[in-house]
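Peer 1: Take a look at this one; I'll ask things after.
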Amino acid sequence: MASVTQTTDRLAAGGVPQRPPLELRRSDRIAGAGRRFVLLLAALIPAAALGVFFCYPVAAIVGRGLVGPAGWDLGAFADVLSRSRFTRIVVFTVGQAAASAGLALLLGVPGAHLLYRRRFRSRGVLRALITVPFVLPTVVVGLAFRTLFAESGWLGSWGWDGSVAAILAAHVFFNYAVVVRTVGATWTHLDTRPAEVARSLGASPARVFATVTLPALGPALASAAIMVFLFCATSFGIILVMGGARYNTIETEIYRQTALIGDLPTAAVLSILQMVLVAAVLVVAAVLRRRTETTLRLRGAAEATRPVGRRDLPAVAMTLLAGALLVLPMAVLVTRSLQTADGWGLDNYRHLATVGENNVLLVSGTTALANSIRSAVIAAALSLTVGVLLSVVLARRPRGRSARRAIGALDGLMMLPLGVSAVTVGFGFLIALDAPPLDFRSSALLVPIAQAMVATPLVVRMVLPVLRAADQRLRQAAAVLGAGPVRVWASVDLPIMSRALAAAGAFALATGLGEFGATTFVARPETVTLPVVIGRLISRPGPVNSGMALAAGVILAVACAVVVLLVDLAGGRGRTGAGIGGF
Amino acid sequence: MLAVRGLTVRYGSVAAVAEVDLEVPDGQVLALLGPSGCGKSTLLRAVAGLEPAAAGTVCWDGADLARIPVHRRGFGLMFQDGVLFPHRTVAGNVVYGLRGPGWSAPARDRRVAELLELVGLAGYGARRVSTLSGGEAQRVALARALAPRPRLLLLDEPLAALDRALRERLLADLRLALSVTGTTAIFVTHDQQEAFAVADRLAVMRAGRIAQCGDPRAVWSRPVDDWVARFLGCTTVLPARPHRLPDGTWASSTFLGEVAGRAEWVGLRPSALLVDQRGTAHGTVAAVVPGPEHQVLTVQLSGPDGELPAGRVQALADPDAELEIGSAVRLRLDPTGAALLQGAARAADAVAHDTLSR
């Protein structure tokens, strides 16, 4: 303020353009209507996409399962439920998912403590690295664990080949990051003062953890557990590759009934069962989330993370164990892919240019790779478009009651496919979209669309929270400064969600590259993707075929890992919100 | 000139702002003072166009603004905590509103430099917003709001989030900036000091309505009713003339001296009652709160011995006076701490009883 007088002169001298008088322009009237129209369009496009590619197929499934020639018919339903094979499958699905969630928590909580409450070098890189397994294709992970535990594998002596233990290990491998990042994100923001009060009142560190920290983390733990449960209950690729004929989940059974037995009504009933299971889990999750929002007192990220000390030894040990679990399968996959009949070499990779031993494939591995990339790119573009449109609409907080209700309804509708399994999507496409009025059978877009349906919920989950959390007053400040709706969006919303957008794009791309469940159902022989090729190769005998599978698995894993790591390290370091912490 | 007529803003069935009339002439600063939740921020947001009016009009130079969207009004708005664009630099924030014909790139740069200088942040242009302290962020927010030369600047408790020392310094700067730029402004606050520091006119708001509006000194010394008097610091409201109390005795007004003749009711702030040996009202100390400049006492008056009626009042004593609970004291009146109420809305007996038995 030193030179106020000089400034006064200059301010008085002008240099500021005169404002036009305030009067209503025609453009104001048109702008209001135009804005409503654009919003309506933004809502209609995703709603239409959901309607055609989700609601309609689901309706078709329900029709197959519950409607007989004479109207509603619960006969097929009762029949399925009365067969002990199916009850066993349902029990196994729920049981293995619960066990996986428990194990993931057991390993993940010490990891969250170490990676989010302690300070050490390359912590950021480690946080990014543990995310990689989450985006790896299920078939590749299944293949890696199978190779690890096979009789000839590094851990063959454990006798875990084809066992439940191996399946659980693979599920923990996948979901370790879900627990670490969900719990860790909460843990860094946890108000540390209650713990300090407890210490000052005479509580030992162990008692503080049990009576203060753990209850405060409760909602995050529950949320992580539910997510892991959901992912494992809808696990398909892992079980198909590792479970053999012995272990089946509802997912693999739907596939078996459809592809091997051809009993579509039974598959439909199983799909409905699966949807009910998922819906129930989602309801529990929603209730818990509401509690999380009200009970947690969070602060800015704690700067005062301490270096690793002697007390952290148990956590370090658990995290090393988890590290071994994450690294070993991938190491064995890469090593074995480089082993040939006569030593080391790239033969397995070279064979990818062929159609395999005994011509098991209709197209070569490289063609399948090209298919994969093409459909993943299209799927990512589709899911980003639909997901961002949906997020923009869902993030609005309109004043009118009817508009609020409409958004609430759309929000609810969007929750549905969030948890619906890839197999259900694929099966729905198979029975709904291959006959008039919607015949997509010959469309080259069927695979990308199916993959986009799997990836869109992911995009919404990553973008929507960021938009919702954005300070509404930023938009108001921009508007007051003269920015119209378009400039507000471009200068406020877009920069805010750019990180989440990049991360969502990467995840969508990785999802498309590795998608197996839905693609298996809808891919035609000449449009198969690499994961489907891997699935086919490992189901056929022959060293060339299994070598090709390993090589293809490595390529796919590297592609997925690179895409996600680049985005995570470039933009998201230290920022958990843009990663999978939001799940 | 801003003219608000019969403005009502509703949230659901609740009227947050009810039938408000206001005028702000060009170049003047109106302070909108009220307790939290009285609707003052909502009124401000309605003027900005961020809340729709359920009834009434907001006019600028006679033109109704109802259908003119927020971004075309040319008003400025400053929030409690800056709300700077996090992904832009300091200069990027200040330049945001400088758009449209007439703003060449050099003109924009000049204007940004000018404003940063005005708010005492010359040379901060390239800084990232995240590196600013709370006070600096508010200065940038002020520069950003002033840069396009808003027709009207709306300040929503711009200093409330700052600590005391910083608040006082920034208040002086803000006042200077507003007068230097000749900005027309509405300044919302719940703090009397702030309101008096910046206001040409003062409006006191209560439960969605304007309780009183006028010259700040006038509002301070002549509140319209006992609610405004209390909100502006009066802890005791007394009938100015001899009056019959519920217990049948009479309160005399000789204590009030010349003040008594000028109003029906008198509001007394603690600074109106001073401990003094020559005082004419007698009482005993019921509580003491020491302070650096004076001690604030709660005094139990002994009753209508020709002076103030029995009851508790707040009074001031020298900081080094040796007083403790139970000490006998005498009080005298300092008229500068008294407020004159013209017509108290409430029944006289009730007021006297209410105020003095607490």
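Only the coordinates and a few stated rules stand behind these numbers; no lab work does. Since the model is a prediction, treat every value here as computed from it, not as a measurement. Glycine gets a Cβ as well: all are built from the backbone with ideal geometry, and neighbour counts include every protein chain shown.
Peer 1: Restricting to DSSP H runs of at least four residues, report the calculated mean residue ellipticity at 222 nm for chain A, -39500 (n - 2.57) per run over all residues, nearest 500 deg cm²/dmol. Don't jump to the answer; show the numbers that get you there.
Peer 2: Working: 26 runs with 405 residues, N = 583.
After summing the helix terms and dividing by the residues of chain A, the value is -23000 deg cm²/dmol.
Peer 1: Using only Cα atoms, find the angle between the long axis of helix A:138-149 and the longest principal axis of chain A, and express it within 0 to 90 degrees, rounded to the nearest 10.
Peer 2: 50 degrees
Peer 1: Beyond 58 Å, what percent of the Cα pairs of the protein assembly as shown remain?
Peer 2: That fraction is 29 percent.
Peer 1: While we're looking at this one, here's another question. Take peptides A:107-118, A:484-495 and line them up by average Cβ neighbours within 10 Å, highest first, as a rough protection proxy.
Peer 2: The most tightly packed comes first, giving A:107-118, A:484-495.
Peer 1: Measure nothing but the geometry: give the 0 to 90° angle between the long axis through the Cα atoms of B:105-118 and the longest principal axis through the Cα atoms of chain B, rounded to 10°.
Peer 2: Tilt of helix B:105-118: around 20 degrees.
Peer 1: Next question, about the same structure. Quick check: the angle from helix A:422-432's long axis to the longest principal axis of chain A, C-alpha only, nearest 10 degrees?
Peer 2: So the helix axis and the longest Cα principal axis differ by about 80 degrees.
Peer 1: Taking +1 at the Cβ of each Lys and Arg and -1 at the Cβ of each Asp and Glu, which of B:ALA31, A:THR319, B:PRO290 sits farthest along the dipole of the protein assembly as shown towards its positive end, judged by Cα position relative to the Cα centre?
Peer 2: Looking along the dipole axis, the top candidate is A:THR319.
Peer 1: Something else about it: Can you sort B:PHE196, A:PHE134, B:PHE75 by how many other beta carbons sit within 10 Å, fewest first?
Peer 2: Numbers: B:PHE196 16, A:PHE134 21, B:PHE75 28.
Exposure proxy ranking, most exposed first: B:PHE196, A:PHE134, B:PHE75.
Peer 1: Mind giving me the nanometre distance, one decimal, between the label points for A:LEU264 and A:GLU151, set 7 Å out from Cα along Cα→Cβ?
Peer 2: 4.2 nm
Peer 1: Can you tell me what share of the DSSP beta bridges in the protein assembly as shown is antiparallel? A percent to the nearest 5 is fine.
Peer 2: 75 percent
Peer 1: Same structure again: Could you work out how much longer the chain between A:ASN358 and A:ALA341 gets when fully extended? Use 0.36 nm per residue separation minus the Cα distance between them, nm to one decimal. Provide the component values of the computation, followed by the final result.
Peer 2: Details: separation 17, 0.36 × 17 = 6.12 nm, distance 1.80 nm.
Full-extension gain reported as 4.3 nm.
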